[in-house]
Amino acid sequence: MPVQTGVSWSCTSATSTAKAMSLLSKLETKLEGAVEGLFTRAFRDRLQPLEIAKKIQKAMHESKILTVGTAYAPNRFKVRLNPLDYDYLSGISAAFVPELEGYISEYAGQINCRLADSPSVILVEDASVKVSATQIESEITNTPRELSRKMRNRAQRSSYLLHVTEGPDSGRQFDVADGETILGRDGECGIPLSDPSSSRNHARLLCANGEVTIEDLGSTNGTYVNSEQIDRYSLLPGDVIGIGTTSMELKVVHTV
């Protein structure tokens, strides 16, 4: 049975941030064209659709899930608004909501996620929300039953590896075993690193039910994911772990 290895989605933090800003700038231009006078003084103090886009972007990051090596981001969003903001935004929703939905599709591709169905943004009036604030509810809808079945079947044939892209061990690959694996300078670690700036027991990987989590073990120099320091983090394929001068990309390997 053939094996496909090294299926990955690269997403270093600096590049992702730059692309995200580019997409937001593109969206801002579209919104300005769709809603006349949106960025004039008369509208400046109101809640802006661009701010909603930023909240949706954050929700897509926080709510994405990994199912058998495939990352899914939410595709349906309920945007809860104070009645004052709702009255204003609902009046121009026909102009800006399609632009937000298009942005969701583009951003999902940028963060290497799939959408299970077409993007949907719904504005909801909610008196419990403060003026100029939003509450975002996100969900992944309509995952096809056949796809879910195939994913369950493939789960038993999927595994992960870490590919070292920078540092003293550059070029090496380490299998990520089920259960707990320690990364560090100690030769007894499941993933031993040559990097002198790593701690002896630097971080711990936990792999269970198709999900991989990394946890810092009180290391001297910290553990990073996509250039952000973390204590504990749920990883997706393409995430880059930083330990000292070492960078390692998580890749999924599955038999097809």
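The numbers here are math on the coordinates, done by the rules we state, and not lab data. It should be emphasised that the depicted structure is a prediction, and the values quoted were computed from it without experimental measurement. When we count neighbours, we look across all protein chains shown, and the Cβ atoms used for this are built from the backbone with ideal geometry, even at glycine.
As an exercise, identify the GluC sites (Glu not before Pro) in segment 183-256 lying in DSSP coil whose Cβ has no more than 10 other Cβ atoms within 10 Å. List each step's numbers first, then the result.
Working: sites: Glu188, Glu211, Glu215, Glu228, Glu249; in loops: Glu188.
Sparse-neighbourhood loop GluC sites (Glu not before Pro): Glu188.
May I ask for the distance between the Cα centers of segment 94-122 and segment 223-240, given as a whole number of Å?
So the two Cα centres are separated by 24 Å.
Using per-residue counts of other Cβ atoms within 10 Å, averaged over each peptide, order 101-108, 235-242 from highest down.
Values: 101-108: 18.1, 235-242: 22.0.
Averaged packing, sorted descending, gives the order 235-242, 101-108.
Pop the C-beta distance of Glu32 and Ala208 into the FRET formula with R0 = 41 Å and round what comes out to the nearest 0.05.
Taking R0 as 41 Å, the efficiency between Glu32 and Ala208 is 0.30.
Using the Cα gyration tensor of segment 157-254, with a ≥ b ≥ c the square roots of its eigenvalues, what is the shape: rounded (a/c below 1.5), prolate (a/b larger than b/c) or oblate (neither)?
rounded
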